[in-house]
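Q: Below is one structure. I have some questions about it.
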Amino acid sequence: MIAKATASTMNPMLKAQMLATALDVWFTGPGSTVASRQFLPHSILGGVVIDLTHVKGTNVSSAFGGATSLTVSQMLTYAASQSNTGGSVWYANVKATQTKAKDAFDAINNQVAYGP
């Protein structure tokens, strides 16, 4: 069964995708012994630049301040800055923007995000 995001489930789904990405960054960072990404066997995931204009066939740049490309770490930092403390309001709870951010992290997690 494929999970579908609704207005009430978007924040948890976005958090889950961001957490998965953050863990991948942690475990592929300096000094780590785990390379969790086959498509980046010699790269540190946090420093990889992602093309935000072509994620799953969509331009998701508006979810990242209009940037056309960012590193994965920059994406995580920007998305985290769009939340209140506790994460109950994220991207002003605008589902369309939340969806773009979630899809961007999902693409990274599923190895279908590409550089510019």
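Q: May I ask you to list the residues in the range 54-88 that are surrounded by fewer than 14 Cβ atoms within 10 Å (Cβ to Cβ) and without any contact (Cβ under 8 Å) to a residue 60 or more places away in the chain?
A: 56, 57, 59, 65, 66, 68, 77, 81, 84, 85, 86
Q: OK, next. If you take the residues in the range 64-116 that are touching a Phe, Trp or Tyr at 6+ places or on another chain (Cβ under 7 Å) and in a loop (DSSP other than H, G, I, E, B), which one is modelled with the highest pLDDT?
A: Narrowing the range 64-116 to residues touching a Phe, Trp or Tyr at 6+ places or on another chain (Cβ under 7 Å): 64-65, 70, 75, 78, 82-83, 97-98, 101, 111.
Right, trim to in a loop (DSSP other than H, G, I, E, B) and you get 65, 82, 111.
Details: 65: 97, 82: 93, 111: 85.
Checked the range 64-116; the qualifying residue modelled with the highest pLDDT is 65.
Q: Moving on to the next point. May I ask you to list the residues in the range 73-89 that are more than 16 Å from residue 20 (Cβ to Cβ) and not β-branched (Val, Ile, Thr)?
A: 74, 78, 81, 82, 83, 84, 86, 88
The values are calculated or read from the model by the stated rules, or taken from the named source; none is laboratory data. All values derive from a computational prediction rather than experimental measurement. Cβ coordinates were reconstructed from backbone atoms using ideal geometry, including for glycine residues, and neighbour counts include every protein chain displayed.
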